[in-house]
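Shown next, in structure tokens, is the structure this report addresses.
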Amino acid sequence: MIIRLTVNGRQHEVEISAATRLIDVLRDQLGLTGTKQGCRAGECGACTILVGGQPIQACITLASRVRDEVRTVEGLDDRFIPLRQAFADHGGFQCGFCTPGQLMRAAALLAETPLERLSDEAWLREQMNGNVCRCTGYCGIIRALMSEDVRALARDNAPE
Amino acid sequence: MTLIGTRTRHVDWQAITDGSAAYAADLHLQDELAAAVLRSPHPHARIISIDTSRARVLPGVHAVLTAADLTKSLYLDYRAIDRDRRILAEDVVRHIGEPVALVAANDAATARRALELIDIRYKRLPVADTVAKALSSSAPAIHPHPETRNVAAHVRRDFGLSPQNSPAPAHSLKGSFTSSRQTHATMETHTVKAHWNPAENCLHVWAPSQNPRLIQRDLAQLFGLEPASVRLHQLAIGGDFGGRTQISSTEALVCALSFATARPVALHQSRAEEFAFTKWRLSWDIDLELGCDAAGKVTTLAARFDVDNGAYNQAGPGEMVYGSVALGSSYRWLGYQAEGRCVYTNKVPASSFRGAGGYAINWALECAIDELAEKAGIDPIDFRLVNAISDEDEVSLTGWQIKSSGLRRCLEAVREGIGWDEKRPQGGKGRGVGVACTIHVTALSRDYMLRSSCALDIDRKGHVTIRSGCGDSGTGQKTLICQTVATILNVAMDQISIVTTDTLATPHDAGAGASRGSFVAVNAAQTLANKVRSDLSAVALAHFGDGNGEVEWAGGEIRKGNHVIALGELALLAGGAAEFYSMQSDYVGQFHDADPSGYEDISPTYSFAAHAVEVEVDERTGSVKVLKVVAAHDSGTILNPLSAKGQVEGGVVMGLGAVLGESLIFEEGRVVNASYADYVLPRPVDSPPVETIFVDVTDKKGPFGSKGLGEIPLITIGPAVSNAIAHATGLRLRCAPHTPDQIVMAARRRDGKPLTAGSIAARPDRWWVEGVRAAYPLGLHRGLRELAENLGGPPIATPIEALHPAETLDQALELLDRESDAAPIAGGTDLLALETQGLPLPGRQLVDVAALDELRGIEARTDGSLRIGSAVTLAELARSEPCGAALRRTAALIATPPIRQTATVGGNLCQTKRCWFFRNGFDCHKRGGATRPCYAVMGDHRFYHAIQDAHRCQAVTPSDLATTLIALDARIEIRSAHAMRHLDVGHLYGGPGETRLTPGEMICAIEIPCEALHRRSAYRKLALWQGAFAIATACVSAKVSDDALVSELRVVLGGASSVPQRISSIERRLTGRRPDSALIKESVGSWLRKTHPLPGNHWKAFAVADMLEDLLSRALAGKETA
Ligand code: FES
Ligand code: FES
């Protein structure tokens, strides 16, 4: 079947089967290889992207069921530069393989979280619990999310 | 300006955070073929015949290879004398997953289909899948060559006084330790691409590794090429941790296929293959005997150890040899003797892992030292201050010569950081603090480890391009090299770029491993930059016509007095005709050959660390919570505090994994927990904050005074945790990881409590089940397994065929009725996981019900009851006020936030069982049918199997919601195209994770009656990590009057038997009473006596009983309301 997908603001028509997963469309058909596959079973979060603003694991999402706009790490716009920089400045990654998933999960959080929540480390860890990182021990990721620059970003994009 | 010692961003930060960093799977080579590997299903068998003719003629297949088609060369691996590994098995397979044949085809599906067409006959050979079996007198010989059966290598050490000549110690300790079977679990699975291009006479390879030259070297020798004819290309590397520092078993497979097809070939391992078929950390069984005198000074150490090598030699013998020396090198022993064996077993080969041979021996020794200090009545920090090797210029009994040491300062720093003096006197009440320390090498002083070259080019704009052969897998060498060059040439970081890995563009580098990455690569960069600086300074002076003297380098310019020249211009001048300047420089450290006695100064310099941790231990459930970690390190000058801190934090958390949860579980040589769900690695919630302290030390040998750091954090944390648990509980655990079962049972043993829970005598109705279980070890298991093998493998699952959208519920029901093999899909989280795992789906014609209005929403009805649509997500449920705290909490503890966002109530109730044998490829009773055994009876059933009322299958129903819904008297509304019916949730299941729904039926809603919503309800869950599938769940729901009279009571357990059940015996005993703690205890005790656990899950029955008792007391008293 042929479906229409809007990804990072661009419309695409792609031919797929009923079993095709979103991650394969993104990576193999649209060449958006920023989204990573770590398990293909919904257990690691490496493939996290946004669909209609919600964080979704692309590896366990059937492509034909996607109606809303898809956003991948390639589509993180300039507003999110402080988030990316915070990951770099606080040790939020080492090998970088989990990073696109972490960033997308974080981007969703920033859009929906009241500011005071972002200083609650236990809550943040709970929210990030679906994203495995084998390198950093999570310390740097949590530091990045709790950094001033990221708070400022969240403040600017605070839910109305 | 110096950048050394400043926090410097990773040079690739932009690419890593915008998704453009290219890992192996992100490249697409033109005309790329997909590879598939036929792997041995047997742990030990002779190959009788292989017939590939049917596979070869399958359209789309380009090559089918077996050992007969390939070179007979052996892998080089680590030590020449140990070589025994081939690309494909020739006549004998020695472990499950050993590659036997290869296919290259147009696409992965065709390649897999071709594998099915290869006819191969095996004759099973006796199996030795454990060290004990491999060493027994009746063991089969796994390899023909070792002198002593199955002993791949043997080592003996004898330093200083022998025990006979040394004074009898005042205090002594004897103990046996077993380390865990950690696996690397890099987030990027092994992914390799290769292209043999005959015209170029070049084998192009894309293989992530922190040690590209070793991969190049091994591929060249395997295929008889000059190293220059093998080109590894630059790539982003998704983690290494020692797992890819030497060649694995994937690289050569792809190269062989490319030789056969002259096309690019790609191999991408699945996560399950990654867990099951790639190297893991060598596990050690270590016996130690050590002592100290009355003043607390250590005397002698004696050790015996066996290292589980798996079926082939990779790092095993070498790591054992290193460990045998390291064990005697950290304390001031008067004598040290050791004897060790590296033992072949029929398992996937174990090999190098961050920390190498230092990991297991340090864990065992630091636990033993702690215990010895306790025996001597000396504070463990003081004991280490007195006894550990820690003085500059001090030489260990084994010849290690200390160049610089901050160990004492590390110990003092953690003493203060953790609040030792205040917390240490208060141990034993479930909270405790522990400490451990480590000395670790910075490279080994061997030829191959200490050679690194570095080159750079400067163009006319003054841009510097560094070329280094290192492979930075996330540890930060690239950034360190750039910092080094930027500092010495005094140019800005953005004026520098770096090319790594590419073996054509870069000079030789020794790679990373043994904590040498920064040492060698930075040394090479430093040598190079100094050479460039003096070379170009001379050119500048000549250009200035100003004789000799000093020039000044600043901001990309070189000046002297009034003379100034831009770096780019100077490069042109010096480069002459080339129009750019190039320079290469070689660093060769001091090395020597190993001394057979083991006595030598083994490393250029040594790093030190001390860690202290605080833990909270719940002896009743066995859970350990790490509250705080203070990690103090002497790694000399810290070149980049940002990445150094990351190394410590990452190493600490990985080390926590190894000591508290991570371990591969093997059953008959096959990995049981081959998924992120089942392999317990640290997640954010369970990981503590880490306070990192670098003590100020400048080393004499290291570049800028620095020393290695990559491995030592992981080596140090484990024993600190074991020692903290001992402080908290008095339990000295000697087998890692310290999972809940160990803690519960050790505490019971300490207290003299019974070790068996229920007794079968109390359950005559279960005697037949017990009879079947008893027959398993007597031959039933084996018989069934062999029968199953003769019947062929499990049915091959087929993927989703169609997805039918539905606008209305009626339409959906209609579709479910009409299509054969139909099933609803809502969140799809379990369904797609099943498909990935190759398990049968509930249906292949899927009807999409996620968006149906009729199934959405939580409705509070006028009669006070609640109706929850089956497509309500777990996240919505967790937020819903009317559902009550117990149900909200149940939902909130399921899986992870992204799963809860998608997964639905109906899907949760209907999910397939989570038994790890069933999920991870075992051809079991439930997968292949009645002729198959249940692997849990004889296998590892500590966590996820029944403690009562199991039948032939020991699995349980995985739905946590079911537990709470039963306690809330919930009923399910079930519809089909023709009818509607209601069913109590308690009657939903006919077997483990098996519903009584008939084809065409679907759960539409859950109804909770008003009375239940007004009861006091509370819920608990036992799990190995927050978000894991439950070990067990419990929910209590009670109507309690103001004067504590219980008039209604539901007590429900999930995960304890094949289906979630009310425990009516407890309900009966407590209803109509005002239960006090004695009555509660008595009622739970009566339930416990009627459980009939498997041999390895009595602990679970105890933990559940304790959880229940606690939950009942608190819930009935109104103290726990969720
Ligand atoms: S790849 Fe999707 S969750 Fe792991
Ligand atoms: S940075 Fe390597 S897995 Fe997270």
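Each value in this text was obtained by applying a stated rule to the coordinates, not by laboratory testing. Keep in mind the model is a prediction, meaning the values are calculated, not measured. Positions of Cβ are backbone-derived with ideal geometry, glycine not excepted, and every protein chain shown enters the neighbour counts.
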B:Glu90 paired with B:Ala262, simple spin-label distance in nm, labels 7 Å along Cα-to-beta-carbon
2.9 nm
Suppose every K and R has +1 on its Cβ and every D and E has -1 on its Cβ; what is the size of the dipole of the stretch A:2-75 about the Cα centre, in Debye to the nearest 20?
80 debye
If the cut-off is 28 Å between C-alpha atoms, which lysines fall inside it for B:Lys628, apart from same-chain ones fewer than 8 positions away?
B:Lys375, B:Lys423, B:Lys429, B:Lys645, B:Lys707, B:Lys1021, B:Lys1100
Using only the alpha-carbon atoms, how far is helix B:809-818 inclined from the longest principal axis of chain B? Give it as 0 to 90 degrees, nearest 10.
90 degrees
If every alpha-carbon in the stretch B:480-632 counts as one equal scatterer, what log10 I(q)/I(0) does Debye give at q = 0.09, 0.15 1/Å?
-0.51, -0.92
Partners for B:Lys531 among lysines (Cα-Cα distance below 20 Å; same-chain residues under 8 apart left out)
B:Lys478, B:Lys560, B:Lys701
Sequence-distant residues sharing a close amide H with B:Leu803 (under 5 Å, placed H)
B:Leu846
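Sort B:Arg1015, B:Arg1020, B:Arg620, B:Arg460 so the one with the fewest other Cβ atoms within 10 Å of its own Cβ comes first. Provide the component values of the computation, followed by the final result.
On the way: B:Arg1015 21, B:Arg1020 25, B:Arg620 18, B:Arg460 15.
Ascending Cβ contact count within 10 Å gives the list B:Arg460, B:Arg620, B:Arg1015, B:Arg1020.
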What is the calculated FRET efficiency for B:Ala168 to B:Thr130, with r their C-beta to C-beta distance and R₀ = 35 Å, to the nearest 0.05?
0.45
What FRET efficiency would be calculated for the residue pair B:Glu807, B:Ala977, taking the C-beta separation as r and a Förster radius of 22 Å, to the nearest 0.05?
0.90
For the stretch B:766-1116, whose charge dipole is built from +1 on Lys and Arg Cβ atoms and -1 on Asp and Glu Cβ atoms, the candidate among B:Thr912, B:Pro958, B:Pro777 with its Cα farthest towards the positive end is B:Pro777
Based only on other Cβ atoms within 10 Å, what is the fewest-to-most ordering of B:Leu70, A:Leu5, B:Leu567?
B:Leu70, A:Leu5, B:Leu567
Fraction of alpha-carbon pairs over 57 Å apart in the protein assembly as shown - percent
17 percent
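Report, in debye and to the nearest 20, how large the dipole of the protein assembly as shown comes out about its Cα centre when Lys and Arg carry +1 and Asp and Glu carry -1 on their Cβ.
On the way: 135 positive and 146 negative charges, 617 e Å.
Dipole about the Cα centre, nearest 20: 2960 debye.
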Determine the gain in length on full extension of the stretch B:Asn790-B:Ala80; use 0.36 nm per residue of separation and subtract their C-alpha separation, reporting nm with one decimal.
251.6 nm
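Could you give the dipole magnitude of the stretch B:451-588 about its Cα centre, charging the beta-carbon of Lys and Arg +1 and that of Asp and Glu -1, in debye to the nearest 20?
Numbers: 10 positive and 14 negative charges, 50 e Å.
My answer is approximately 240 debye.
B:Asn530 to B:Arg7: FRET efficiency via 1/(1 + (r/R0)^6), r the Cβ-Cβ distance, R0 22 Å, to the nearest 0.05? Walk me through the numbers before you get to the answer.
Values: r = 24 Å, r/R0 = 1.10.
After rounding to 0.05, the efficiency reads 0.35.
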Debye calc, one equal point scatterer per Cα of chain B, no solvent, log10 I(q)/I(0) at q = 0.09, 0.10 1/Å comes to -1.16, -1.37
So how much slack lies between B:Arg1073 and B:Arg156, counting 0.36 nm per residue of separation and subtracting their Cα-Cα distance, in nm?
323.3 nm
With each pseudo-label sitting 7 Å past Cα toward Cβ, what's the B:Ser1065-A:Arg79 distance in nm, one decimal?
6.0 nm
Say each of A:Ala152 and B:Glu881 gets a label point 7 Å from the Cα, pointing the same way as Cα to Cβ; how far apart are those two points in nm?
3.8 nm
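Normalised by the number of residues in the stretch B:451-588, what is the relative contact order in percent for Cα pairs under 8 Å and 6+ residues apart?
On the way: 275 pairs, mean separation 49.3, N = 138.
Computed over the stretch B:451-588, the figure is 36 percent.
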Debye log10 I(q)/I(0) at q = 0.12 Å⁻¹ for the stretch B:766-1116, Cα point scatterers:
-0.89
Could you work out the helix-only [θ] at 222 nm for the protein assembly as shown, with each DSSP H run of four or more residues adding -39,500 (n - 2.57) and the total divided by the number of residues, to the nearest 500 deg cm²/dmol?
-8500 deg cm²/dmol
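In nm, what is the difference between 0.36 nm times the number of residues separating B:Ser176 and B:Tyr448 and their Cα-Cα distance? Each step should come with its number before you reach the end.
Working: separation 272, 0.36 × 272 = 97.92 nm, distance 3.52 nm.
Between B:Ser176 and B:Tyr448, full extension yields 94.4 nm more.
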Per the Cα gyration tensor, the stretch A:78-156 corresponds to an equivalent ellipsoid with semi-axes, largest first in Å, of 18, 14, 11
So the compactness index of the stretch A:2-75, its C-alpha Rg divided by 2.2 N^0.38 Å, takes the value 0.96
What residues have an amide H closer than 5 Å to that of B:Leu161, excluding those fewer than 5 places away on the same chain, when H is modeled at 1.01 Å from N in the peptide plane?
B:Gly335, B:Tyr336
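Going by how many other beta carbons lie within 10 Å of each one, how would you line up B:Glu835, B:Glu416, fewest first? All intermediate terms of the calculation are to be shown ahead of the outcome.
On the way: B:Glu835 22, B:Glu416 14.
In order of increasing Cβ crowding within 10 Å: B:Glu416, B:Glu835.
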